[in-house]
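Asker: Pasting a structure here, questions to come.
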Amino acid sequence: MHAELKSIIRRVLGVVPAGHSFLIDRHSATVRVSHWINAVCLLFLLMSGLQIFNAHPALYWGKSSDFDHPILSLTARNGPQGLVGVTQIGSRQFDTTGILGASDEDGVRMARGFPAWATLPGPQWLAMGRLWHFAFAWLFAINGVLFWIYAFARGHAGRDLMPTGGDIRHLGREILDHLRLKFPKGEAARRYNALQKLAYVAVIFGLGPLVVLTGLTMSPTMDSAFPALLWIFAGRQSARTIHFICAFSFLGFFVVHIVMVMLSGTWNNLRSMITGRYAIEDHDG
Amino acid sequence: MADDRRRFLTRSAAVAAAALLSGCSGLSEKKWVSDALSEVENLTRRAQRLFAGRQALAPEFTKADIAPVFRANGTLDPASDDYRAHAAKDFRDWRVEVGGLVERPLSLSMEALRAMPSRTQITRHDCVEGWSCIGEWKGTPLRLVLAEARPRNDARYVAFFCADNMAEEGVPAQYYYESLDLVEATHPQTLLAYELNGQALPIEHGAPVRLRAERQLGYKMAKYIQRIEIVADLGSFGGGRGGYWEDQGYSWYAGI
């Protein structure tokens, strides 16, 4: 156990591999460039998206807004000690003062959905939030489409991303290994493991297109060009809600991704996504 | 050697991330940044026009979809004496002037507007803030009014000048205004609307006549319209960006 803990700490700090290892070419230049463009896009899109959300911090289901029955709302009301932030999910209310509904902007408590540190720009500024959001939405979508083309044209999707039958059969053991923070070594470390593949496929071919399409569904002009979008997502306000859920799914993916990067070797992973070179331990240590 | 490089890269990454985060809000203040980002608007407009063309109609809904209370936004009750006087007389003497680059300037009474062929449509109103409301609008297709006024060959935009003053008391008046290009202005669903849900247009929704441009966001749909001007460019009136909210930094193209 002691040795196990030591090896985890070594991986997080980046001092791996400790023993004999060899370097392989892990990520192609296309994957690396595409990855970092995505990282920047997601940061800008998430923060500017929260800015846009703050202009009307409530979500609905259906074609239009039933103002009395939001699925989620972040509002403020006056309390004895000033503004109280109220998060309402369905009919349940939670006091979220300081973070959601009401939070401090330059030391002054303000009624705002998400706090200033999470939005771009910080202060309430819808017009600017929209400019940032649409600029990076274009970059994100173009980058995504180019990556798709690359992934299929160069066999990256079939070779590296799609889970194999073996992957699926060993999924149980894979999950246990992940929970014990045991990661593949030797030959097995050359490929993505089954959980990695599933996560990447879900994000690249599921979440990515879903967030773009629900975003487009919110555009009245796109609805006139492709009315089917409204049918697929059950209306504009539903699309807005799904878009919001997608955004937080990306955030969830990001958090898990960062934790896994660190637990499986911060420096080794980071280097492989910058220079392409990845070190593999060639024996069980 | 590897350690040095590692430390250098880690540090550079940390510095870059910190600069990025603290710099973002500052960047928003820079004119060149907002100008560069605004260029994207043209790309969006071209791409959307490519898909939607001139004629694609905004989805229309059924009576069952109509919102019990249609939310009003922006000016809810223009304060000027002139407007109040019109309201007191049920807008009987209200006129919509149509001028600018036209061969035949018009001065339309509400009666004349109502006498023209009308269109009734149940559509979704999308506010830039994010909410939507569905209502039934009746009005005169703008293209019929334009056809009557006969725009000259150099006409490119249609501007709408309104009776609601957006400025606070004590500062020079700033009347709401908006503009559409000819594609959106001659779209079949673009109306000078005078009825909402079968009733005369309520004051909070722009009585007696407002614009409906169903493929655009709410702020394009000027209320309390008094004058329509056909122009060749957007720079020569108002703040020069084609609309009240555009002058505050919102995109002129509001199809998204």
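Asker: Taking a threshold of 19 Å on the Cα-Cα distance, which of the pairs B:K30/B:K220; B:K89/B:K138; A:K6/A:K185 fall above it?
Answerer: Numbers: B:K30/B:K220 26 Å; B:K89/B:K138 21 Å; A:K6/A:K185 17 Å.
Those over the limit are B:K30/B:K220; B:K89/B:K138.
Asker: Moving on to the next point. Where is the GNM fluctuation largest for chain B (alpha-carbon springs, 10 angstrom cutoff): B:K30, B:K63, B:K89?
Answerer: B:K30
Asker: Still on this model: Using helices alone, what [θ] at 222 nm do you get for chain A, with -39,500 (n - 2.57) per DSSP H run of 4 or more residues, divided over all residues and rounded to the nearest 500?
Answerer: Roughly -16500 deg cm²/dmol at 222 nm, from the helical runs in chain A.
Asker: Okay, moving on. In percent, what relative contact order does segment A:139-206 have, based on Cα pairs under 8 Å that are 6 or more apart in sequence?
Answerer: Details: 30 pairs, mean separation 26.6, N = 68.
Relative contact order here is 39 percent.
Asker: Among the helices of chain A (complete DSSP H runs), which have Cα atoms covering no less than 20 Å along the helix axis and a Kyte-Doolittle mean of at least 1.0?
Answerer: TM-like helix candidates: A:29-54, A:126-153, A:236-263.
Asker: Using Cα springs under 10 Å in a Gaussian network model of chain A, which residue among A:L42, A:L251, A:L13 shows the largest mean-square fluctuation?
Answerer: Comparing A:L42, A:L251, A:L13 in the GNM, the peak value goes to A:L13.
Asker: Okay, next question. Once phi is turned into θ = phi - 60°, what whole-Hz ³J(HN,Hα) does the Karplus curve with 6.51, -1.76 and 1.60 give for every residue of segment B:81-88, x standing for Gly and Pro?
Answerer: Running phi through 6.51 cos²θ - 1.76 cosθ + 1.60 with θ = phi - 60° gives 4, 4, 5, 4, 5, 4, 4, 4 Hz.
Asker: Specify the residue with the greatest mean-square fluctuation among A:H243, A:H56, A:H170, computed from a Gaussian network of chain A linking alpha-carbon atoms under 10 Å apart.
Answerer: Result for chain A, Cα springs under 10 Å: A:H170 fluctuates most.
Asker: With θ set to phi - 60°, apply the Karplus curve 6.51 cos²θ - 1.76 cosθ + 1.60 along segment B:138-148 and write out the HN-Hα couplings as whole Hz, x wherever there is a Gly or Pro.
Answerer: Residue by residue, segment B:138-148 yields 10, x, 8, x, 4, 4, 5, 5, 5, 4, 5 Hz.
Asker: Still on this model: GluC sites (Glu not before Pro) within segment B:74-164: which are DSSP loop residues with at most 14 other Cβ atoms inside 10 Å? Walk me through the numbers before you get to the answer.
Answerer: On the way: sites: B:E97, B:E103, B:E111, B:E129, B:E136, B:E148; in loops: B:E103, B:E129.
Listed in order of number, the matching sites are B:E103.
Asker: Taking +1 at the Cβ of each Lys and Arg and -1 at the Cβ of each Asp and Glu, which of A:P123, A:G101, A:L50 sits farthest along the dipole of segment A:1-151 towards its positive end, judged by Cα position relative to the Cα centre?
Answerer: Farthest towards the positive pole: A:L50.
Asker: Per residue of A:47-54, count partner chain C-beta atoms within 10 Å of its C-beta, then hand back the mean as an integer. Don't skip to the answer; put the middle values down first.
Answerer: On the way: counts 3, 2, 0, 0, 1, 3, 2, 2.
Averaged over the peptide's residues, the number is 2.
Asker: Just report the Cα centroid separation between segment A:228-285 and segment B:41-93, whole Å.
Answerer: That distance is 41 Å.
Asker: Pop out the ³J(HN,Hα) list for segment B:109-117 in order, Karplus 6.51 cos²θ - 1.76 cosθ + 1.60 with θ = phi - 60°, rounded to Hz; leave Gly and Pro as x.
Answerer: Rounded to whole hertz, the list is 7, 4, 4, 4, 5, 5, 6, 6, x.
Asker: Can you list which of the trypsin sites (Lys or Arg not before Pro) found in segment A:191-251 are DSSP loop residues with at most 16 other C-beta atoms within 10 Å?
Answerer: A:R191
Asker: Then there's this: Residues of A:118-131, mean number of Cβ from any other protein chain within 10 Å of their own Cβ, rounded to a whole number?
Answerer: Rounded to a whole number, the mean comes out at 5.
Asker: Restricting to DSSP loop positions (anything but H, G, I, E, B) with no more than 16 other Cβ atoms inside 10 Å of their own Cβ, which trypsin sites (Lys or Arg not before Pro) remain in segment B:182-256?
Answerer: When the trypsin sites (Lys or Arg not before Pro) of segment B:182-256 are filtered for loop state and at most 16 Cβ neighbours within 10 Å, nothing remains.
Read-outs: derived from the displayed coordinates by stated rules, not from any lab. What you see is a predicted model; the values in this text were computed from it and never measured. Cβ: placed from backbone, ideal geometry, glycine included. Neighbour counts: every protein chain shown.
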